[in-house]
Structures are given as C-alpha cells and as structure tokens.
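Below you'll find the structure, written out as structure tokens, and then a few comments.
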Amino acid sequence: MTCSIPEPTEPTHTQPPVLTTRLGANPRRLADMTTIAVGGAVAKYENLTSETDIVAAVTDADNSGTELLILGGGSNILASDADFPGVVIHDGRTSIEILSEDSCGGAQMRVAAGTPWDAVVVFAIEHGWMGLEGLSGIPGTVGAAPVQNIGAYGQEVAGTIASVRAFDRKTQTIRTFFAADLKFGYRHSALKESLLSGEWGATPRWIVLDVVFHLRRATLSEPIRYAQLAQKLGVNAGERVPASDVRSAVIELRRSKGMVLDVIDRDTFSLGSFFTNPILSEEQAAALPEDAPKYGVGKSGAANQIGAAAPQIDGQVKTSAAWLIDHVGFKPGFGMPGPAAVSTKHSLALTNRGGARDSDVVDLARAIRDGVRERFGVTLVPEPVLLNITI
C-alpha cells in the first residue's frame, strides 16, 4: 500500500470560533460563570491567555494556600452559594495546531485546553477526520475532555486522545501523559482520581494544558453504534454516514433534550446529565426489571485501531440513569414551578428555572438519588464537580 504523505510544512495554527457561553466579560459570581447559574461571589477572577501565566498563577495560589478553581466553560460545576474565598482562573487560550496528516497514519492535532470543545469537533469534520462527530454540541472546553472522558452517542474522547500535557500541582512540573497512562474508564481517568480524593479541592492535581488527538482520515463517520442516533439518521446500527450528517443529527437530538445552550430556554440552565449511568455487576443488573436498559461496558481507549469499537468488559453491565429516574416518578418537569426542577425535556438534567440556590438543586438531587436507591437498590453518582457542597 502506498501512503500519501504531504510535503513537510510549518505547523498550522487555527483560531477556532469562540462559541457563545454565559461567562460575562467581568464576572463576579460563580452563578455568572456556570451554565446552571448557581454559586456565590468570588474573591478573585483572572482570565489568562498564556500557559506561562496560568502556571504562575496556579503556583502562586498553591504556595500561598489559596483555594483554586480552574474554569473552562463552567458546564460541569455545581458551586455553593457561599462566597468563594480563593482565585478562579479562566483558561482563555484557544488554538488548534495540526501536527501531521497522511492517509496511513491519520491526523494529529494539538489543542489548547481553553479551546471550546465544539469548535474542535467542527475543525475535525471540516478537515475530513473521523472520531469526534458523535461528541458534537457538548459544552465546555478541551481541558475537561480527558479528565471526564466525555462521551455521547456511542463515542468517547478516550478513543482519540494520543497524549495530554498537564501541570502537576504537587511537583510543580509539567508532565506528558500518554494514552496508556490516563487509565480511561466510563467518565473517568487518572486525572480525575485526584478530584475524587478531595486533597486538591475542586481542581485536579494535574491541570490540563493541551491535548494531542489522533484521528483517522475519513469523511464518513465511525460506525453508528447508538440506536437512537441510527434511528435519527435512518440507518442500521453499524452503518457509516457522512460525519457532517452525524453532527447535524446529534445537535438536533441534544437540542430536543435541552442539551444545547440557549439563553431563552430554561431547560438549558443545567449541567447536562447530572448523574452518570450506573455500572453494575451482572447480579445487580439481573435484579432490575426486565425492561430496564442493559448494555455492555466498553473498555475505554482499548480499541485496537482508530475508529474501532472498544472491547467489552466481562461481568459489567451499564444501565440508564434516566430510565431509573423516570421510573421512580421523577418525570420531566418534576419540581416545577419551583426554582429547581427536572428538565421538561429530559429526566437526567436538573435545571435552574430562575433564582435557584445551591440548596434547591442539592435537595432535588438527593431526593432523586434516594428514590432510585430505595426502589432499585442502585446509588446514582453525580457527574458534576461539587464546589464546597455535598450531595
């Protein structure tokens, strides 16, 4: 086989469009910085546009014992109404650099952590690269993508990440994580583990600086694996269609669920899916009602080639948090006309209907979690980062 390799060129730098967010030009409260519009005043806010400045600001905060929050799009943070006494650092860097591209090895691009995620998806599709189309419309920035191992409609970002450069707050050095180092799982990574320990507050020990993606050259999508998406596209599972068609269909599906930011739609004043889909043992899954959704669990990032399906993990079964919530009785719109309610479009999103406080969202989340546990014996786990509150 003959590979087509372009003549060497200088790296291409592209400034992607900055998508509309709710982050104001001079925010003073976390409610102004998060998509659910909840959170107290901040002592200090910095919008930084260079890696050097970000590393210096983080180092200064840690050396002085100042509480730290690194902010991207604010789409995954539920903050306390209490004043935040620390510093909020917004990563204002937006750039995409093409590192390589050929018909055999695929394409590689390096993306600054502050780049809006959806701009990266658009860039990949426009360049004829496969692997991100199912992740269209997800709010937030690139820095959060490997931490959460974001995923939707049959794709996870783990399948496209080659490496992550991150600043280590403990050693105050920069480290490169390669795919095998990241220990990707469902909505999980080695980077996220430091969040779960609680030692580093609401910001991980490792702060993502940039991400290198490795994508296959193809104008057609990956095989469609998600039944709802296949139905929307009018194809059978396993078929491939133009990646741009997948993007359009995913955006439509997300908009129908209130998952595309819209300043006039209160259903979008949320944090997206509030709970992760539970991963159960086969015995736990067998105890659920017969009609409860049950899926295999893919081993994130373990596909043997770009675009291939990940192998399944033996003994693990994923079910739908939305199905469990809905079947306990927390239907879309539950809680209205209160300040916090389940989205009218999707039972997995908790929304701020106007004037909601942290306690309103927390009370609703606890009621849903406790109701599902009592009915089905399954404990739902919140997906957002919780800043100075507990659920």
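Being in contact with a Pro (Cβ under 9 Å, 6 or more places away or on another chain) and among the small types (Gly, Ala, Ser) is the filter; apply it to segment 179-204 and report the residue that is modelled with the lowest pLDDT. Quick ask: steps written out before the conclusion?
Step one: filter segment 179-204 for residues in contact with a Pro (Cβ under 9 Å, 6 or more places away or on another chain), giving 182, 184, 189, 191-195.
Subset that is among the small types (Gly, Ala, Ser): 189, 194.
Details: SER189: 95, SER194: 89.
Only one residue tops the list, namely SER194.
Would it be correct to say that ALA43 is part of a strand (DSSP E or B), assigned by the TED database to the domain that holds THR141 and not basic (Lys, Arg)? Please lay out each step first, then the result.
Working: part of a strand (DSSP E or B): yes; assigned by the TED database to the domain that holds THR141: no; not basic (Lys, Arg): yes.
For ALA43, the condition - part of a strand (DSSP E or B), assigned by the TED database to the domain that holds THR141 and not basic (Lys, Arg) - is not met.
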*over 17 Å from the mean Cα position of the chain (by Cα), in a strand (DSSP E or B) and farther than 30 Å from ARG240 by Cα - does that describe any residue in segment 158-166?*
yes
*Which residues, counting only those in segment 180-191, are closer than 21 Å to LYS170 by Cα, open to solvent by 30 Å² or more (accessible area, probe 1.4 Å) and assigned to a helix (DSSP H, G or I)?*
ASP181
*For segment 55-65, which residues satisfy the criterion of being in contact with a Lys or Arg (Cβ under 8 Å, 6 or more places away or on another chain) and either surrounded by 18 or more Cβ atoms within 10 Å (Cβ to Cβ) or within 17 Å of ASN388 (Cα to Cα) (or both)?*
VAL58
*For segment 314-353, which residues satisfy the criterion of being under 21 Å from the mean Cα position of the chain (by Cα) and over 17 Å from PRO382 (Cα atoms)?*
LYS345
_Sole residue being under 12 Å from VAL211 (Cα atoms), over 18 Å from the mean Cα position of the chain (by Cα) and not hydrophobic (A, V, I, L, M, F, W, C), chosen from SER95, SER100_ = SER95
*Which residues, taken from segment 342-370, are in contact with a Gly (Cβ under 7 Å, 6 or more places away or on another chain) and open to solvent by less than 20 Å² (accessible area, probe 1.4 Å)?*
VAL342, SER343, ALA349, LEU364
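The values are calculated or read from the model by the stated rules, or taken from the named source; none is laboratory data. On a predicted model such as this, the values are computed, not experimentally measured, just so you know. A quick note on method: Cβ atoms are made from the backbone with ideal geometry, for glycine too, and the neighbour counts reach across all protein chains shown. Quick note on the areas: whole protein, heavy atoms, side chains included, nothing else; ligands and nucleic acids left out. Shrake-Rupley method; radii C 1.70, N 1.55, O 1.52, S 1.80 Å.
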